[in-house]
Amino acid sequence: MKPVDLLAAPLRALADRHGHHPLADAIFGCVTQTAEQGANIGKLGLIAAGYPDAVPGLTINRYCASGITAVGLAALRAQAADGLAIGGGVESMSRVPMASDKGALTHDFDFQKAAGLIPIGISADAVATAEGFSRADCDAFAAESQRRAVAARESGAFASLVPVGEVTADETPRAGTSAEGLAALAPAFAEMGEKYGLDAAIMAHTGLVRIEHVHHAGNSPAMADGASAVLLGTAAAAERAGLKPRARILAVAELSVDRVLALTGSVEAAQAALAKAGLTADDIDLFEVNESFAALALHFARHMDVPLDRLNVNGGAIALGHAMGSTGAALIGTALDALERRGEKRALIAACGAAGLASALIIERIA
């Protein structure tokens with residue numbers, strides 16, 4: 001299935017549920033915008049889904065935070081027009097492999113060295129080392145993510161999930177995953193860190209005396225194919241269209257942090273969003289944070305003082321997969337499904353990306 005058809009699936013589902021309405025804009029995240037995902041895949045997905053030619057389409061790239069940013073920008077466009085808009089994303093990592101666009105982030109080694117950019121897996125291991133998260137800690141978190149995701153799937157918790165073509169079940173999550181089984185996997189980034197001097201570079205930047213390589217395929221976000229779409233609008237526009245809102249956006253925050261450690265920005269983005277909304281972490285019922293490596297989720301929980309029983313309650317990207325440009329918008333659906341199922345009120349959604357980028361968004365359920 002081509003990416004354009006993948007994106008068309010949730011767009012058709014939105015139209016099936018809510019009908020076609022005039023849209024101020026439609027904005028989609030996509031990280032690897034080349035080949036089948038090039039040429040403004042967002043607009044092409046609208047065409048494939050049968051949307052009117054009058055609907056504009058825009059594709060953006062804020063790395064793994066793209067989906068949240070797309071929803072935030074679509075909300076602004078809806079607000080400016082007192083109308084409706086769509087935010088979402090798409091990534092087909094099987095057909096358009098990560099880094100196949102051969103951008104400077106992954107392929108210009110002179111630029112990377114000059115800018116001090118470190119592959120994110122090495123950065124994740126550095127964060128684990130600095131925070132004292134052991135291999136056992138990370139494997140335990142990953143196994144729990146799998147357990148929660150399997151239980152959620154079996155109980156029908158993912159109400160916003162729709163089939164794509166003939167695909168009715170994903171390869172992920174993986175039932176039966178255990179911390180003991182994960183312990184047998186070899187670290188993914190140790191050889192790279194030593195061979196290319198990356199461990200030495202990040203130690204020089206952070207002051208660490210060593211890097212403990214704790215991440216591997218089982219406690220890192222699973223590569224995946226996915227697409228997402230969220231219908232947004234002002235209260236007046238929803239009323240005119242005869243639509244019943246499920247939730248309101250209270251705040252959106254976009255920022256960037258230390259580009260070397262890169263993946264710690266979810267904390268600062270979450271704090272910024274809370275400040276904008278006039279809330280504290282205690283006012284949030286559920287936190288939905290992209291699991292960009294187990295140590296980064298643990299880092300978020302520690303620095304936000306969030307109990308793990310309020311974080312990614314139905315599993316995260318380690319279990320469900322991380323279709324990069326789509327994930328942020330998909331997490332909004334996951335969080336809202338969980339709020340409705342539990343009868344709770346507010347959720348904070350956050351994701352970080354390469355080069356220090358991060359986004360966060362707070363929603364409040366409308367009962």
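For the reader, a short list of remarks on this structure follows.
- Residue match in segment 157-177 (condition: among the small types (Gly, Ala, Ser), touching a residue at least 24 places away in the same chain (Cβ under 8 Å), crowded, with 19+ Cβ neighbours inside 10 Å and closer than 17 Å to ALA128 by Cα): no
- Answer from LEU58, LEU105 - the residue that is in contact (Cβ under 8 Å) with a residue 24 or more places away in the chain, within 20 Å of ALA351 (Cβ to Cβ) and in contact with an Asp or Glu (Cβ under 7 Å, 6 or more places away or on another chain): LEU58
- Residue check, PHE287 part of a strand (DSSP E or B) and crowded, with 23+ Cβ neighbours inside 10 Å: yes
- Criterion: part of a helix (DSSP H, G or I), at pLDDT 95 or above, within 18 Å of the chain's Cα centre (by Cα) and small (Gly, Ala, Ser) - qualifying residue of GLY328, GLY315: GLY328
- Counted residues, segment 224-261 - those being under 25 Å from PRO119 (Cα atoms) and either of a type in the set (Val, Ile, Thr) or without any contact (Cβ under 8 Å) to a residue 24 or more places away in the chain (or both): 2
- Pick from segment 244-264, criterion in contact with an Asp or Glu (Cβ under 7 Å, 6 or more places away or on another chain), among the hydrophobic types (A, V, I, L, M, F, W, C) and in a strand (DSSP E or B), ranking: surrounded by the most Cβ atoms within 10 Å (Cβ to Cβ): ALA247
- The residues in segment 125-156 that are open to solvent by 50 Å² or more (accessible area, probe 1.4 Å), more than 19 Å from the chain's Cα centre (by Cα), under 30 Å from ASP199 (Cβ atoms) and of a type in the set (D, E, K, R) can be counted, and the count is 2.
- Tabulated pairs, segment 125-139, first closer than 13 Å to ASN219 by Cα, second part of a helix (DSSP H, G or I) and small (Gly, Ala, Ser), C-beta under 6 angstrom, 6+ apart or interchain: ALA128/ALA295; PHE133/ALA295; CYS138/ALA294; CYS138/ALA295; ASP139/ALA179
- Sole residue being of a type outside the set (Ser, Thr, Tyr), open to solvent by 20 Å² or more (accessible area, probe 1.4 Å) and at pLDDT 95 or above, chosen from ALA227, ALA237: ALA227
- The criterion of at least 1 residues that are more than 24 Å from GLU288 (Cβ to Cβ) and open to solvent by less than 30 Å² (accessible area, probe 1.4 Å) is met, among helices (runs of 4 or more DSSP H) falling completely within segment 34-112, by 41-48.
The values are calculated or read from the model by the stated rules, or taken from the named source; none is laboratory data. Not measured: the values here are computed from a predicted model. All Cβ positions, glycine included, derive from the backbone under ideal geometry; neighbour counts span all protein chains shown. These area figures cover heavy atoms from the full protein model, side chains too; ligands, DNA and RNA do not enter into them. Shrake-Rupley method; radii C 1.70, N 1.55, O 1.52, S 1.80 Å.
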